Structures are given as C-alpha cells and as structure tokens.
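Here's the structure we're looking at; comments come further down.
The values are calculated or read from the model by the stated rules, or taken from the named source; none is laboratory data. As the structure is a prediction and not an experimental result, all values here were calculated from the model. Quick reminder, even Gly has a Cβ in these numbers, built from the backbone with ideal geometry, and neighbours come from all protein chains shown. When the accessible area is computed, the model is the full protein with side chains, heavy atoms only, and any ligands, DNA or RNA have been set aside. Shrake-Rupley method; radii C 1.70, N 1.55, O 1.52, S 1.80 Å.
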Amino acid sequence: MNRKTLVLPAVAGLLTPVLAACGGSDSGSKSGDAIVVGTTDQFTATKEAPAPLDPAYAYDVGTWNILRQSVQTLMAQPRGEGTPVPDAAESCSFTDSGSERYACKLREGLKFASGDPVTAKDVKYSIERALRINADSGVAALLNTIDTIETQGDREVVFHLKTADATFPYKLSTPVAGIVNPKDYQADKLRDGFDVDGSGPYTFSADVKNDAVVSATFTKNPSYKGSVTVNNDKVELRAFADADAMGDAVDKGDIDVMTRTMSPAQIQKLDAGSDENVDLVDMPGLEIRYLAFNTTAPTVKSKAVRQAMAQIVNRGELVSKVYGTQAEPLYSLVPATITGHSNSFFNKYGNPSVDKAKSLLAKAGITTPVKLTLHYTTDHYGSATKQEFEVLQKQLNDSGLFDASIQGHPWSAFRPAERKGEYDVYGMGWFPDFPDADNFIAPFLDKNNFLGSPYNNSTIQRSLIPQSRREADRLGASKSLTEIQDTVAEDVPVLPLWQGKQYVAARDDITGVAYALNSSSTLQLWELGRGVSG
C-alpha cells in the first residue's frame, strides 16, 4: 500500500496547482478496456424526482459528477483549482466596470455529440430553460442574478445581470448552466429518466435496474472541443451499496479506482495496509457537514433551542470518535481554507457548556428536556453518518436538556421530505458548486435557497450578499461575509459541524489519480489513464 498526499496551498482563498498528476500517462486505456471507477453514490428515479440527471434539476455531487463528464458549460474549473477557464467558450469576460455585463464567445466548430452544431441560441435556450422550469431542487437559484440573455450571431452570448456578481464566471461552470440540445430537452419540462446528451468530453449511457443506475459508461466524445485533455477512451462508473463492497471490488481487481465515499475505518485500513498494488491519495476537500433546522417547526422555532444545541455540541469529540484525522471541527458555514472564513460559532459560544445552554433555555422560558428527532440519510454521505448521529444524540441527551432520538432514511426519500419541511432537525452535507465563500452562504440563506429553509433575513438577502458579490477581489468582501457568518451564529438556522478531507484509492497501474477529484469533490474522469504510477 502506498499513500500519496496532494497538497494545494490556499492563495487568496482559492487553490492553485503546484503538483503534477501522479505518474506518467500513456495514450490512455486501450479501446474497449474501460477504467472502472467505484462509488457509493446512488442514482435513482422516483415519483418525487423522476428526472435526476436533467441539468435543470440535478443538484447533488453525485448527479453533477455525471453531468460534468457529458454536458459542457461555457466555463470550467481548471485542472488544479483557481479561477474558471473557458470550456465551450473561446473567451469570456466582464465588459463593464460594475460586474453586471458578461460576454462569451463560443469556440468555432463546437458540436453536440450527435453532430448538431452548438450555437449561441442553444446556450440562451439552455440557461433560460433552467430558470423557467425553476425546479424544486433549488439549483436554478445559482442563476438568479441573470436579468436577460442576448445573442449576437451564432457564437456570441451576452448576459445582463440584475446586480453585480463577481462570482458569475464560477456559476457558468456549474451543470445547471450546461448546454443542451433543444431537440433532446423540452423548454418547459424536465427530461425524465437517465438519458443525458451534450457536447462534453464523454457520451453517456446507463445500465438501469429498478429505476436505479447500476453502472454508467462514459465513452470518449470525438466531437469534443474544450479545455480538458481526455486521457482514456472509456470509463465505467459502478455503483456499490456500501464502502465495504466497493473495497472488496478494488482488492479483487474488479474495479480500478475507489472514490466517494469510503468509510473512516476503511481509509485507516488502506493507510496502514501493505498491499503494494493499491495507492491511497488524500487531497484537499471543501466538504462540510451541518445540522439544518425548520425554523418554523414548534420544537425548534425558538432561537434559544437552536442556540442551546450550538452551545452543547462538542465538535472535537464528534470528529475524534467518528472521523479521526479525516475531518476537522468547523465553526462556520464557510470552510477555514476559503477567503472570508470566520470562526463565528466559536467566537459566540466558545467551548461546549451545559450550564450556558441551560441558562439560554431558562431565559427563554423553555421547558426541558426538549424532545426532538434528528433525521439523517443512510446512503448518501457514507456509512459513518449513523455513528455521527449517535454521538450527537448522546451529547444532547447527556446534557439533560434534550430528549433526542435519531431516524435514518434513504436519500431518495430523505431529500424530498426535507424540501417539504417534514423534518424539524436534519443532517446535511455540502460539496460546493465552486470554491468561493458565496457558495457556502447564498445556497442556504438567499431567497429560494437549496434547503427550502423558511429562515429569512432581509439584511443578508438584500444587503450583505449583494455587497459581497460586488467585490471582484474576494478579500474585499470579508467585512460583509463576516457579518453574515456572525448573524448565522446568532440565529442558528444551521449548525456547522465539520470540514472533511477527501480520498481516492486506485490500483497502481492507474495514472492521474491525484486529479481525479478537485477540492469541490468534482470527478474528473478524463484525468485517469493506464500506465505506471509514480
């Protein structure tokens, strides 16, 4: 067993590349010899969510990892992090001093995998379609600063924004801004099922059983023109029920690469093992975990109840018992490695204290113990989630101030129920759409937010978020961002818990593994090849 660590230092809040991919690369895997990648992500179509892979609907890291391989965007996150680079576009830039007019020119000769030309009208159609459908997943909110879109000929697109938005180039790199063919995607209706078509690095096909993807095949798209180099001809993404089954598969050589989500125990075993045929690579990650609250629910409607939970939860103990060195306590929605981060929860609550929590509840006239249920998903964030919630439950109940129970649900049921407000308290994770503080704030606190949260702070929505977006230099946004984080610590609509690392394990004839995931947990399958790992 070899262990490799990819270190990408933070510069102005973003990460810049300093390390080449592990090993050299030959011309890629032989034709038909697919590189097989394992995942525990589940891709399921349900009555509540029949179109999981439509760019206008998809909004979780698993489905986005399928779309990023196959549906092209104007901009893309670069190989080793940093500011977005043109992909379907030849060039993009703000054309005014106020960050309110953004113009892009498409690459010449751009085609969908079907052979149809990609035009500026297709870009306009795709983005306006996502805004018009406004799916209940909340993904369209990423584009909510767009006012109008105009085209100039076949290759030029101009976005007129409602307000200044220095993060707009990042938003154009996300799958909701993916360019789709009007022949395949209706203007006012989501595309049900598991068909995906675009102009990205790969074409996509899925093996589906019982409305779930068993495996997905990505085949190199010969028509692709963009910013990435594809180092293989074919990749198969194979879904496993749990990390143990995925680990057995890599041990047997049935799969070549193991990605999210490995269990903490499995990572420890791999790190300490002696299998010279498997490499474990750890790399920077921006994944966060948090508790979210339905702030109108009777059990947690009082701010004092939420503050008391923030005062009791012991993040250090939680991380130590469940994740060890694979995570760090987090005291804000914004990770510690992102420009604008503030330890607002620690600044307000300090170390865990039952006495302080008791005082908060007493001043608010809250009768104790407060009875509530913590809900979590059983199959989306890894097998350690149950253990994590058992630790949280014990911490709350040991205080004598809470009578907490826990309840697990499969993601296919959990996410629709959460959006409908059926849970008072529930655990969520967040893998950022792009590495900027705005993306750890607006999706939770802005109008039409990702959580569907009833929490509404007009100062944050109307003043502080717009102020922060006017600053092209993200250091200049720190004052507004800090005020937002301090307000969250006061009102506790969400309770940050921890920030995690990320890991990939691969057999040692696979190259490019160090770049198989970026810091936002985006799979970059085109980086993988066969050769000699170094």
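Scoring Glu128 on the criteria (1) in contact with a Pro (Cβ under 9 Å, 6 or more places away or on another chain); (2) open to solvent by less than 60 Å² (accessible area, probe 1.4 Å); (3) modelled with pLDDT of 95 or more; (4) not hydrophobic (A, V, I, L, M, F, W, C) leaves a single failure, condition (1). Taken over segment 415-447, the criterion of being assigned to a loop (DSSP other than H, G, I, E, B) and under 27 Å from Leu475 (Cα atoms) is satisfied by Phe431, Pro432, Asp433, Phe434, Pro435, Asp436, Ile441, Asp446, Lys447. For the structure I just gave you, tell me whether Lys225 is crowded, with 16+ Cβ neighbours inside 10 Å, touching a Leu at 6+ places or on another chain (Cβ under 6 Å) and closer than 30 Å to Gly476 by Cβ. Judged against the criteria, Lys225 is not a match. For Gln499, the conditions (1) more than 30 Å from Asp403 (Cα to Cα); (2) buried (at least 22 other Cβ atoms within 10 Å of the Cβ) all hold with the exception of (1).
The listed residues are Tyr170, Tyr202, Tyr185, and the only one of them that is in contact with a Pro (Cβ under 7 Å, 6 or more places away or on another chain) and closer than 25 Å to Ile66 by Cβ turns out to be Tyr170. Being open to solvent by 60 Å² or more (accessible area, probe 1.4 Å) and not aliphatic (A, V, I, L, M): is that true of Glu328 here? Criteria met by Glu328. Scoring Gly365 on the criteria (1) within 29 Å of Gly324 (Cβ to Cβ); (2) over 23 Å from the mean Cα position of the chain (by Cα); (3) among the small types (Gly, Ala, Ser) leaves a single failure, condition (1).
Where helices (runs of 4 or more DSSP H) fall wholly inside segment 312-386, the ranges with 2 or more residues that are among the hydrophobic types (A, V, I, L, M, F, W, C) and more than 30 Å from Asp244 (Cβ to Cβ) are 344-349, 354-363. Scoring Thr203 on the criteria (1) polar (S, T, N, Q); (2) closer than 30 Å to Asp96 by Cβ; (3) out of contact with any helix residue (DSSP H, G or I) (no Cβ under 6 Å at 6 or more places or on another chain) leaves a single failure, condition (2).
Output yes when any residue across segment 189-208 is without any contact (Cβ under 8 Å) to a residue 60 or more places away in the chain, of a type outside the set (Gly, Ala, Ser) and open to solvent by less than 50 Å² (accessible area, probe 1.4 Å), and no when none is. Within segment 189-208, not a single residue is without any contact (Cβ under 8 Å) to a residue 60 or more places away in the chain, of a type outside the set (Gly, Ala, Ser) and open to solvent by less than 50 Å² (accessible area, probe 1.4 Å). Of Thr174, Thr163, all but one fail to be over 22 Å from Val85 (Cα atoms) and among the hydroxyl-bearing types (Ser, Thr, Tyr); the exception is Thr163.
Going by the conditions given, is Phe194 of a type outside the set (Gly, Ala, Ser), over 22 Å from Pro117 (Cβ atoms) and within 25 Å of the chain's Cα centre (by Cα)? Answer is yes for this residue. The strands (runs of 3 or more DSSP E) located wholly in segment 61-177 that include 2 or more residues which are more than 26 Å from the chain's Cα centre (by Cα) and more than 14 Å from Lys225 (Cα to Cα) occupy 101-106, 146-152, 156-161.
Per-residue answers, yes or no, for (1) at pLDDT below 90; (2) among the aliphatic types (A, V, I, L, M):
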residue	(1), (2)
Ala34	no, yes
Val37	no, yes
Asp41	no, no
Asp54	no, no
Tyr59	no, no
Gln77	yes, no
Gly80	yes, no
Pro84	no, no
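Of all the criteria given as (1) hydroxyl-bearing (Ser, Thr, Tyr); (2) within 30 Å of Ala413 (Cα to Cα); (3) surrounded by 20 or more Cβ atoms within 10 Å (Cβ to Cβ); (4) modelled with pLDDT of 95 or more, the one not satisfied by Thr373 is (3).
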